[in-house]
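Beneath this line is the structure, given in structure tokens, with notes to follow.
Every number in this text was worked out from the coordinates using simple rules, so none of it is lab data. Not measured: the values here are computed from a predicted model. Virtual Cβ from ideal backbone geometry, glycine too; neighbours counted across all protein chains shown.
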Amino acid sequence: MTKDQTEEIVLYGISGSQGICIGKAYMVDREGVDVVERYYIGPENVKKEINRFKQAVNHARKELSGIIEDIPEDLRQHAYILETHFLLHKDKMLYGKTLELIENEQINAEWALRKASATAKSVFQNISDPYLQARAADIEHVTDRILRHLLGAEDVNISEITKRVVLVANNLSPAETSQIQLDRVMGFITDRGGKTSHTSIIARTLEIPAVLGLERATALIKNEDLIIVDGNEGIVIVNPAEETLQRYKELSQRYEAHKKEVIRRGDLPATSSDGESFRIMGNIELPEEVVAVKDHGGDGIGLFRTEFLYLSRDDFPEEQELFDQYREVVELMAPLPVTIRTLDINGDKEVSSMPTPEEANPALGLRAIRFCLKKPEIFKTQLRAIMRAAAHGYVRLLLPMISGADEVTETIRLLDEAAAELEEKEVEHRRDIEIGIMIEIPSAAVMADMLADLVDFFSIGTNDLVQYTLAIDRGNRHVAHLYNPLHPAVIRLIRHVVDAGRYRGKKTYMCGEMAADPINLPILLGLGIEELSMAPQSIPEIKNLIRRVKVSDVRKLMDTILQQPSEEDMQKVINDSFGDLLYEDIYSE
Ligand code: PEP
Ligand code: MG
């Protein structure tokens, strides 16, 4: 087919990592693992089949440890993902269950593994938290690796690519992503995956453009097709027309120049052009990410999600283990603040030795503070570790999923108890830390005036606040188009929270994803939110935009903005008044 006959195709997906690249497609073939047959092996072959499975697992683990050893230095911080995979190979849910199925049902190892894997995945998929949902993908990657060894299929060896290409895959595992060498791979696109998948996280660390969740990319794209990946907009253009190509070449150059400049100025303060100061902080999940926050000019940690230490293990972490991790973060960031959020999970779910409770609506179930208050010993262990870390720097305590006053008073009572325990043992700690609550349930937003009397600050978690206010499951892609932080109801709730806090001398911050999207920035500044926390890579851009905005202009427009009846109207007012400031750098002609 000649160039003229190929038609330009535009595919819309999810932006996994920002940036624009143009290059030839390199299809990452994952054939051989998708088709698995089921056959009866008979009692006489059970032992043999079990050995075959165990051998495949051993080979898979060996292969993975080779990859871990070869991980390039700048991706070392992500080795934990692969280490988690390493452990998952022998996980009870996967390994134990497969052996059980081979034995009880006398079926072949491939089928047993697929079956065990499907059950394990559904456990994670039913959790409303997208971070945990994405763990289903980890199970799949591990399953695929073992299956490849069972079936004798070839693994994809990304490190052997010799040309500079754009990877096109159904899904890329973290192991595959971490083999990406920047001099060979310009960017990648996948049919599956989303913003919170580990693959996206690694792409953002590598700072290469990535668009995920395209659904049909591998079906529509052929090897060597020319493709444009616009990670800013979540768009992929296949076989672009000459005009499109020229436009994107220009956009790409502009974007690169812009990014360089923004990062260069990342350390400058986030002070608006009329002199108002804001703090732009980082959200982290692991101590290793502190470096990224510092490198991108973060003013502290606005959200330290602490779930990770509780995952992929059979027991709950000890106080000392938690303390060591928290202390490391606190000392690295000192004297800047570290906002440690207490456990936001239904602990039973990730502790693999415990049975998983069935919950019809896990997002409305026994999670976060509800779980912690039901298991005070587990909660107090974490509270003690946090108070001990507070003796080594600036710590703030943040409580997730608060729905009313009782949960706060009960937590403060437990905090006092935990402090008394440390006191008694003469362990160094600080009880006088700032206590804040996440505002992510509408009832807490409505009650903000009363809650303000009980705490030192609010932090708005829009990821959940939007979900609960609009009744939109944040992890359900069928309603994703309705998930909208600029819905007037959400904005009114936020305004109420900020005003209620201000009236009582309490600060309101924001740590949900809404804080990192430029379109929302004028409203957030206009409402008076002084601290925004986001993924480290977003910090320089938001700081840069704040320096361009005149807050007094935004304030003048707030009444008009707040009167808009719909999200589209609100967006239009913002775009008409501030679009030039927010987007001028790259997309305007
Ligand atoms: C939120 O809900 O906005 C938030 C920051 O918390 P998480 O994404 O961890 O639920
Ligand atoms: Mg939340």
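So what's the gap between the Cα centers of segment 85-140 and segment 515-589, to the nearest angstrom?
Cα centroid of segment 85-140 versus Cα centroid of segment 515-589: 44 Å apart.
Quick one: of the DSSP bridges fully inside the chain, what percent are antiparallel, nearest 5?
On the way: 19 of 60 bridges.
The antiparallel fraction comes to roughly 30 percent.
What shape does the chain have by the C-alpha gyration tensor, where a ≥ b ≥ c are the square roots of the eigenvalues, rounded means a/c under 1.5, and otherwise prolate means a/b greater than b/c and oblate the rest? If you can, show how the numbers build up before the last one.
On the way: a/c = 1.85, a/b = 1.14, b/c = 1.62.
Because a/c hits 1.5 or more and a/b fails to exceed b/c, the chain counts as oblate.
What is the fewest-to-most order of V10, V573 by other Cβ atoms lying within 10 Å of their Cβ?
Values: V10 12, V573 18.
Neighbour counts put them in this order, fewest first: V10, V573.
Would you list H481, H296, H496 from fewest to most Cβ contacts within 10 Å? Don't jump to the answer; show the numbers that get you there.
Numbers: H481 8, H296 22, H496 16.
Fewest-to-most Cβ neighbours within 10 Å comes out as H481, H496, H296.
For E426 and E285, what does the FRET efficiency come to when R0 = 56 Å and r is the distance between their Cβ atoms, rounded to the nearest 0.05?
Efficiency at R0 = 56 Å is approximately 0.95.
Is the C-alpha gyration tensor of segment 43-151 telling us rounded, prolate or oblate? Criteria: a/c under 1.5 is rounded; beyond that, a/b larger than b/c is prolate, otherwise oblate.
oblate
Using the 10 angstrom Cβ neighbour count as an exposure proxy, how do D74, D473 rank, fewest first?
Ascending Cβ contact count within 10 Å gives the list D74, D473.
DSSP loop (so not H, G, I, E, B), at most 14 other Cβ within 10 Å: list which trypsin sites (Lys or Arg not before Pro) in segment 67-138 pass both filters. Each step should come with its number before you reach the end.
Values: sites: R76, K90, K92, K97, R114, K115, K121, R135; in loops: K90.
Those satisfying the criteria are K90.
How high is the FRET efficiency between L220 and R247 when r is their beta carbon distance and R₀ equals 22 Å, given to the nearest 0.05?
For R0 = 22 Å, the calculated efficiency reads 0.55.
For the chain, which span is the longest to avoid every loop-located (per DSSP) member of chymotrypsin sites (Phe, Trp or Tyr not before Pro) having at most 16 other Cβ atoms inside 10 Å?
Within the chain, the longest run free of exposed chymotrypsin sites (Phe, Trp or Tyr not before Pro) spans 40-586.
In deg cm²/dmol and to the nearest 500, what is the mean residue ellipticity at 222 nm of the chain if only DSSP H runs of at least 4 residues count, each as -39500 (n - 2.57), divided by the residue total?
The per-residue figure over the chain is -14000 deg cm²/dmol.
What list of ³J(HN,Hα) values in whole Hz, one per residue of segment 514-522 in order, does the Karplus curve 6.51 cos²θ - 1.76 cosθ + 1.60 (θ = phi - 60°) give from phi, with Gly and Pro shown as x?
3, 5, 9, 9, x, 4, 7, 4, x
Once each part is reduced to its C-alpha centroid, what is the distance from segment 245-261 to segment 55-78 in angstrom?
If you average the Cα positions of each part, the centres end up 35 Å apart.
Excluding same-chain residues fewer than 8 positions from K572, which aspartates and glutamates have a Cα within less than 15 Å of its Cα?
Here the aspartates and glutamates satisfying the reach criterion relative to K572 are D559, D580.
Mind checking the full-extension length gain between D70 and Q181? Use 0.36 nm per residue of separation minus the Cα-Cα distance, one decimal, nm.
Value of the extension gain: 38.8 nm.
Report D for segment 270-582 in µm² per second (integer): Stokes-Einstein, Kirkwood Rh on Cα pairs, 37 °C, 0.692 mPa s.
Numbers: Rh = 20.1 Å.
Estimated diffusion coefficient is 164 µm²/s.
Among the helices of the chain (complete DSSP H runs), which have Cα atoms covering no less than 18 Å along the helix axis and a Kyte-Doolittle mean of at least -1.0?
46-69, 109-125, 135-151, 319-333, 376-389, 405-424, 488-503, 551-563, 567-583
Over what distance in Å are the Cα centres of segment 438-473 and segment 395-418 separated?
Between the Cα centre of segment 438-473 and that of segment 395-418, the gap is 14 Å.
Among the lysines, select those whose C-alpha is under 26 Å from the C-alpha of K260, and discard any that sit fewer than 8 residues away in the same chain.
Partners within reach: K24, K163, K195, K249, K294, K543, K550.
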